[in-house]
Structures are given as C-alpha cells and as structure tokens.
1. With r as the distance between the Cβ atoms of ARG272 and SER221 and R0 = 25 Å, compute the FRET efficiency 1/(1 + (r/R0)^6) and round to 0.05.
2. Net charge near TYR76: determine it from the other residues with C-beta under 10 Å of the C-beta of TYR76, scoring Lys and Arg +1 and Asp and Glu -1.
3. Would you mind checking which residues have amide H under 5 Å from GLY97's amide H? H placed 1.01 Å from N; only 5 or more apart, or other chain.
4. Evaluate Rg over Rh across region 19-64, taking Cα atoms for both radii and Kirkwood's formula for Rh.
5. I need the peptides 67-79, 257-269, 45-57 ranked by packing, meaning the mean over residues of other C-beta atoms within 10 angstrom, with the highest value on top.
6. Go ahead and collect, in residue order, the members of region 233-263 whose backbone nitrogen is under 16 Å from a label point 7 Å along the Cα-Cβ direction of VAL208.
7. Sort 222-230, 17-25 for me by packing, meaning the mean count of neighbouring Cβ atoms within 10 Å per residue, highest on top.
8. Between TRP31 and GLN191, what is the spin-label point distance in nm, taking each point 7 Å from the Cα along the Cα→C-beta axis?
Amino acid sequence: MVYQQTLNVWEKAVTWGAYALAGAVFLTIGWIAMQPLDPQGAVSLLACRNPLGVLIEAVALAAVTGALATAVAGRYRPDIGTFAVAVGLAALSLRGGTTATLLVENADRSGSFQRGLALKMFLESAGWFLVMVVSFFASSLVVRWLGGPSDSSSGSDATPTARDDWLLCVQDIPGVPPGFSGLQDGGIQTQPSAGLLHALITAGVAWVAIALIFAGLSSRSIVHGQACSLVAIAVWIGTFTAHRFAPVRSVLWPVLGVMLLAAVGYLWSGIRPMASSLPLHFPHSNFLRVLPLQFITVGTAAAIATFWGLCARVVSDSEDVSRSARGRTVAEKRRGHRTRR
C-alpha cells in the first residue's frame, strides 16, 4: 500500500483526533468495564472479579475503537487503529495502581509467591496480546470496506518502495488467503524466516536494554512513568536494531517480538532465584515492575511508531536516490546532445 510519508497540519490533527477518540473510549467506558475491585488497585485481570469477562469486554472495545480510529485516519498510517487502541489502553492503566499493589496483596502468602505471580502475569500478557490481534483484524476489515491507500503505483506520488514497505499487519501473515487479507496480486510479503529473525532480534536486544536500564532500580519504588518509558525505550532500540539486520514490511513482526519479550521476561521471573535481601513486597525481578497491560500496549505502540519512522525514512532515502539518478540521467543526455552538436 502507498501511504503518505509526511502529513500536513490537517492530517496530523485527524490522526491525533483518532488517538483522542481511543483515549476517551477507554478512559470512560473502558474504565467502567475493567476497573479493579480495589479503587487503588492495578488495572489487571488479576485484580478483577471475572477475568474472562473483562478480557471479552476489552476485546469488544478494542475491535470497535480500532475500527473507528481506522475509519477516521486509516488512510494516513498502516494499522493506526491498533496504535490508537494501544495508546488508549496504556492511558487506562495509568488510572489504577502499579504492580506494587499486586505484590503487597500477595506478600503474606509465602516467600516464593512472586514466582506464581510472574506466571500469572505471563498468561495475562497473552490475553492482552489477543486484544491487539483483534484490533489488527478490525482495522484491516475497515480498510477493505472503506478503501485505503492505493495498491497501485500508477499515481504520481506512489513509489515501488512505498508500496512494498507499507503493508497492513494482516496482509503480512504467512498463509492468509489474499481474499481475506486484501493483499493484491503481486504484493510481496515478508519471508517468514526474516520475520521471525526480526522478532527474535527485537526481543533479544530489548531484553538487554531492559536489563541495563533497570539496573540499580531493585530497591526503588514502582511508578507508572518509569515502567512505561523504559519499556518504550527498550522496544524502540530492539525494533530499530532488528530493522537494520532483518527489515520487514509490516508491524506484525516487531509486535510479535514484544510478545516474545514479555513472555520470556515473565517466565524468567518465575524461575530465577529469589533475592533474599529485598522485602517480600519488592519485586525480585525488574520485569515484575511492569503491568502486563502496560508491557503489551506500550510495547506495541513503540514498535508501531518505530516501524512508521523507519519505513518513512527508507522511502525518503529511496526517493532521494531516485531523484539523484534522474538528475544524472538528464545531465548525461544534455552532455551527449552537446557532444553531437
């Protein structure tokens, strides 16, 4: 698909309006559906009475909100509906408490309760990843129904590089029939091997970044801003590095890397040795400082935003090279014409 690489003031206002719409939906209706039992508790499936019911409501809200955001601004950026949903859910998580509330509530059970909590957070992160997947499909359906950016390169602003690099997430899933994904004949998907390598590099580099950034924070209190910003920075570094070694054509693979990062992080937190020098209500693993909802939503938003920036840069560079090549061709023709004269 050919998406615009730069937006004017009106188009930027429309995209920010889509984000504001998602935030308004989740901060109002979403809070009513997903608020914890304890008014000071964390926004988590582990802090509500009916986790499955809350997850189903979150899936429904994500589908509707992603579809609305895509209808408003889907022509400007691929998978903007999912980005809006991720931003809205991340904003919702800020209304509740941090993981400190989960640690305090369970600290009196046993000295190893954090192992079980880490495994539960892993399962919860898989549930929030499902919410992101649903929003991807909802956004894709809206693009097909309403008509998105042209798949043809015949337009004056279209370039082969833009058409190849900007695919919807659903269009890049291996084995998905073209009739379902909407990928036109001749569309080039990411090779699964390259996509998996991209996801692994994203997760691996982000893991190292989190280990380095979180170093020395084990005895400090948990705050939302710190947890969210560190996840965003780590995922940005991981996605940026992965795109250098294994470039992909959609956000499917960096977002998959975010899920791998969360899964490995929580599973490692569940099996690593406990730190005996810390109180029971302090996380013995820095991954337990981040709520699963924040890990998936902030990580997904960071991965999508990084992908947008990298693809826009690649297209811009290719256009500069193309213009330079055309300039050299014109100059050579002029020199040849002068020589013949």
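Values in this text are rule-based calculations from the coordinates and carry no lab data. Here the structure is a predicted model, which means the values were calculated and not measured. Here the Cβ positions follow ideal geometry from the backbone for every residue, glycine too, while neighbour counts run over all protein chains shown.
1. 0.70
2. So the surrounding residues net to +2.
3. Amide H neighbours of GLY97, under 5 Å, 5+ apart: GLY41, ALA42, VAL43.
4. 0.97
5. Put in order of decreasing packing, that is 67-79, 257-269, 45-57.
6. Those under the cut-off are 234-246, 261.
7. So the order, starting with the most tightly packed, is 17-25, 222-230.
8. 5.0
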